[in-house]
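**Student:** One structure follows; several queries about it will come next.
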Amino acid sequence: MKLLIVEDDQELLSRMLRFFKREGYVCELANTYQEGYKKLNNYDYDCVLIDAGLPGRDGLRLVQMMREEDTQTGIILFAAGSPVEERIQGLEEGADDFLSIPFDLGELHARIKAVMRRKAGDYSKALSFGGLLIKLEERIVLADGLLVNLTRKEFEILVFLARNKNRVITKESIAEHLWGDYMEDAVSFDFIYAHVKNLRKKLADHGFSDYVKTVYGVGYKFEAG
């Protein structure tokens, strides 16, 4: 899952970044309304965490901008000492949830997952395709009941492709989804080829050889009945 965190408090930002990276999320950061606006106009995110207390009430402005664009991205607002009126306004502007600072990062994590389940219209915690079962919270894959031993990156690629079933996903999109602002860490797209090759072999070893297809010169596509 890919998050954008819009926060000007560097201590809180660092805590959130460490926590969500440990949980396996791709995180991008913005300190101001302008930085957040630019990123939201150039990249896609699963959920955006916004400090409503940014100078000039810019957190609420960012929510307004997102919803005016009809984005379906999850939005969670948070603020220190926020009055009831501010919380109500944030929700009415289109935020999916609102937390008061200080908050427990575990609770924020649970709320993100709840928002994403609602957005997907799926209150289950798994993706199922025939005999292939992807358990999202446990981060495991079962093929006809048997565990498929995937690395973290292989699992993230599989989930990304599965959630975009029957759509061609470019190597660039996969890299940006996995690394976000840190795409330079990938060095080249050879790592995508290597991870997908290993993923396909592991699925094929369990009898699911046709689920991840190569679209030559473009990227990959997940197909399942």
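The numbers here are math on the coordinates, done by the rules we state, and not lab data. Quantities reported herein were computed from a predicted structural model and do not represent experimental measurements. Neighbour counts are summed over all protein chains in view; Cβ atoms, including those assigned to glycine, are modelled from backbone coordinates with ideal geometry.
**Student:** Of all DSSP beta bridges in the chain, what percent run antiparallel (nearest 5)?
**Tutor:** Details: 18 of 37 bridges.
If we restrict to bridges inside the chain, about 50 percent are antiparallel.
**Student:** Give me the orientation-averaged projected area of the Cα convex hull of the range 2-120, in nm², one decimal. Present the calculation step by step, with values, prior to reporting the outcome.
**Tutor:** Details: hull surface 26.5 nm².
Directional mean of the projected Cα hull area for the range 2-120 stands at 6.6 nm².
**Student:** Of L60, I169, L142, which is farthest along the charge dipole of the chain in the positive direction, counting Lys and Arg as +1 and Asp and Glu as -1 at C-beta?
**Tutor:** The listed residue farthest towards the positive side: L142.
**Student:** If you don't mind, there's one more thing I want to ask. Quick one: which residues, 5+ away or cross-chain, put their amide H under 5 Å from the amide H of I140? H built at 1.01 Å from N.
**Tutor:** Amide H to amide H, under 5 Å and 5 or more residues apart or across chains, I140 pairs with K135.
**Student:** Would you tally the net charge around D51, using a Cβ to Cβ cut-off of less than 10 Å, leaving D51 out, and scoring K and R as +1, D and E as -1?
**Tutor:** Values: positive: none; negative: E7, D8, D9, D58.
Result for the local shell: -4.
**Student:** Please list, in order along the range 146-163, the HN-Hα scalar couplings obtained from phi with the Karplus expression 6.51 cos²θ - 1.76 cosθ + 1.60 (θ = phi - 60°), rounded to whole Hz, x for Gly and Pro.
**Tutor:** Along the range 146-163, the couplings run 9, 5, 9, 7, 9, 6, 4, 5, 4, 4, 5, 5, 4, 5, 4, 5, 5, 6 Hz.
**Student:** Could you put E69, E7, E156 in order, starting from the residue whose Cβ has the fewest other Cβ atoms within 10 Å? Before the final figure, lay out the partial values.
**Tutor:** On the way: E69 11, E7 24, E156 21.
Least to most surrounded, the residues fall as E69, E156, E7.
**Student:** Dipole magnitude of the chain about its Cα centre, charges +1 at Lys/Arg Cβ and -1 at Asp/Glu Cβ only, in debye to the nearest 20? Don't jump to the answer; show the numbers that get you there.
**Tutor:** Details: 31 positive and 37 negative charges, 220 e Å.
Value, rounded to 20: 1060 debye.
**Student:** Please report, in cubic angstrom per residue, the volume enclosed by the convex hull of the alpha-carbon atoms of the chain. Could you put the intermediate results ahead of the total?
**Tutor:** Working: hull volume 28.8 nm³, N = 225.
With only Cα atoms used, the chain gives 128 Å³ per residue.
**Student:** I've got another one for you. Given the DSSP H assignment, sum -39500 (n - 2.57) over each helix run of at least 4 residues in the chain and divide by its residue total; what's the result at 222 nm in deg cm²/dmol, nearest 500? Numbers along the way, then the final one.
**Tutor:** Values: 8 runs with 97 residues, N = 225.
Using -39500 (n - 2.57) per qualifying helix, the result is -13500 deg cm²/dmol.
**Student:** Under the rule of at least 5 residues apart or a separate chain, name every residue whose amide H is placed under 5 Å from the amide H of L54.
**Tutor:** Amide H neighbours of L54, under 5 Å, 5+ apart: G59.
**Student:** On a C-alpha basis, how far is the centre of the range 1-70 from the centre of the range 100-114 in Å? Whole number, if you could?
**Tutor:** Taking the Cα centre of each part, the range 1-70 and the range 100-114 sit 15 Å apart.
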